[in-house]
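The next block holds one structure in the form of structure tokens; read it before the comments.
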Amino acid sequence: MSHRKRGAPPASPAPPRVAVFPSLDVLVAERPMIAARLVACGIPARDCEDLLQIVLVAAWKAIQSGRYRPDPQTDPRRAIQAWLHGITWRQAGHYLGRACVRREVPVGEPRALIDEGSIDPGGRLLARAALRALAELPARHRDPLVAAAGPGSIAAHARAHGLKPATAASRLRTARRELARRIAQRLW
């Protein structure tokens with residue numbers, strides 16, 4: 001609510017915003033941001049690429065129909081990102097609300113799940129990506145990760161390789177960061 005002094009003339013309404021028609025390349029350049037928003041909205045990794053295309057098509061149709069009207073005082077990139085964030089959020093909500101998404105489990109042989117219990121296909125995809133990324137790491141990163149996952153402690157790994165425990169822990173942190181970076185690259 002704005003407060004004005006008594007007797008002061010009322011503020012004039014803001015002029016209507018003009019439709020802007022950015023190129024398709026501007027939208028496509030925002031793919032990483034849209035993908036990150038989809039993940040933040042809870043979209044499974046197996047469906048992110050499909051939904052990313054749905055978001056881009058919806059945004060392009062809206063631009064073509066003149067519905068993209070950013071504030072002219074806002075930085076153009078920030079304006080398009082904020083606008084795409086809204087479209088992404090709405091499309092993710094529509095997608096997650098569908099009955100087929102809530103109930104279906106995509107498998108080749110449905111009877112194979114009888115003894116398996118509940119599975120998370122997105123988790124399996126992420127695990128496969130992580131294992132591939134781990135296999136591609138250089139030995140200096142892979143060895144501390146494998147040692148940390150094994151039954152021994154990181155201190156035992158340090159003693160076996162003639163390292164101080166703090167050095168081994170530092171190398172493990174570095175290896176975890178590198179693995180996380182490679183997994184993120186593999187998914188997007």
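Read-outs: derived from the displayed coordinates by stated rules, not from any lab. In this text the structure is predicted, and so the values were computed from the model without any measurement. A quick note on method: Cβ atoms are made from the backbone with ideal geometry, for glycine too, and the neighbour counts reach across all protein chains shown.
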Practice problem: Within 10 Å of each residue's Cβ, count the other Cβ atoms and sort 49, 178 from fewest upward. | Solution: 49, 178
Exercise. Calculate the spin-label point distance for residue 33 paired with residue 62, positioning each point 7 Å from the Cα along the beta-carbon direction, and give it in nanometres.
Key: 1.3
Quiz item: Charges only on Cβ, +1 for Lys and Arg, -1 for Asp and Glu: so what's the dipole of the range 121-187 about the Cα centre, in debye to the nearest 20?
Solution: 160
Exercise. Calculate one ³J(HN,Hα) per residue across the range 129-136 by plugging θ = phi - 60° into the Karplus curve 6.51 cos²θ - 1.76 cosθ + 1.60, and present them in order as whole Hz with x for glycine and proline.
Key: 5, 5, 5, 5, 5, 4, 5, 7
Practice problem: Enumerate the calculated ³J(HN,Hα) couplings along the range 140-155 in order (Karplus 6.51 cos²θ - 1.76 cosθ + 1.60, θ = phi - 60°), each rounded to whole Hz, writing x wherever the residue is Gly or Pro. | Solution: 5, 9, 5, 4, x, 5, 5, 5, 5, 7, x, x, x, 8, 5, 5
Quiz item: Each label point is 7 Å from the Cα along the Cα-to-Cβ direction; what then is the distance between the points at residue 155 and residue 19, in nm?
Solution: 7.0
Quiz item: Order of 168-175, 68-75 by packing, highest average Cβ count within 10 Å first?
Solution: 168-175, 68-75
Practice problem: Using only alpha carbon pairs under 8 Å that are at least six residues apart, calculate the relative contact order of the range 24-103 and give it in whole percent. | Solution: 38
